[in-house]
Every structure is written in C-alpha cells, then in structure tokens.
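The values are calculated or read from the model by the stated rules, or taken from the named source; none is laboratory data. The structure presented is a predicted model; accordingly, all values stated were derived computationally and were not measured. As a convention, Cβ positions derive from the backbone with ideal geometry for all residues, glycine included, and neighbour counts pool all protein chains shown.
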Amino acid sequence: MYRFLALSLVFALNASVAIAVEERTRICLNAADTRSAIAANSLADPLATLRAVARKGQADPLRSRLCRWDEKFVYEMALLRRDGKVIRVFIDAANGVQAVSAP
C-alpha cells in the first residue's frame, strides 16, 4: 500500500514539473505587446491571417492571439466550424504557414 502511494506521489510530482516546463515555453502577449511585436518583427497581419484561415477551414473566426513558443511567434486561433465544434489552429506568425502542433 505504501509503495503504491509513494509511486503515485512520484508520478504526480513528475507531471507537475512537466506542466511547469510547458508553461515556460509558451507566453501569450496582450494587445499592446502584440502590436509592438508585429511592428518590430514584421509579422503577418493577425486579422487578415484569421480571415484567411477561417475561409480555408470553412469556419467562422472566433479569436486570435499572438504567443511566443520558445523563440518563435505563433498565432493561436479559435474557429467555429459549421457543425458547431470549436477548433484551434496554430499559424506561424512570420510566414503564415500552419504550425504542426501546440507546445
């Protein structure tokens, strides 16, 4: 019984460390910082990118935010599909190409 509790505690601690590492690699910017980052780094226009992605995915745009994944800027976008499901899309802010997955 004690062995099970000890193993559970070890797994729980490892999971919390992994979550803490993930949080450090992804930082989302507020509106003012987003405008500054777009101007300073020549990033794609977020509104035009959101509309293009929504049109391509045949969905309605819900929101877009600029996040920094390690050293890369990525737009995290939420779209509402026609069947009512919300999907998340990740777009490289520098070139407008869809990123593979979330951090």
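Side notes on the structure shown:
- Test for residue 90: is it at pLDDT below 85 and of a type outside the set (Val, Ile, Thr): no
- Any hit, the stretch 28-36, residues being aliphatic (A, V, I, L, M), part of a helix (DSSP H, G or I) and at pLDDT 90 or above: yes
- Within the stretch 47-63, residues that are surrounded by fewer than 13 Cβ atoms within 10 Å (Cβ to Cβ) reach no partner that is among the charged types (D, E, K, R) and part of a helix (DSSP H, G or I) with beta carbons closer than 9 Å at six or more positions or on different chains.
- Some residue of the stretch 93-103 being modelled with pLDDT of 90 or more and either among the charged types (D, E, K, R) or assigned to a strand (DSSP E or B) (or both): no
- One residue stands out among those in the stretch 73-103 that are closer than 18 Å to residue 31 by Cα and touching a residue at least 24 places away in the same chain (Cβ under 8 Å): the one that is surrounded by the most Cβ atoms within 10 Å (Cβ to Cβ), which is 93.
- Across the stretch 43-76, the number of residues qualifying as more than 10 Å from the chain's Cα centre (by Cα), part of a strand (DSSP E or B) and among the aliphatic types (A, V, I, L, M) comes to 2.
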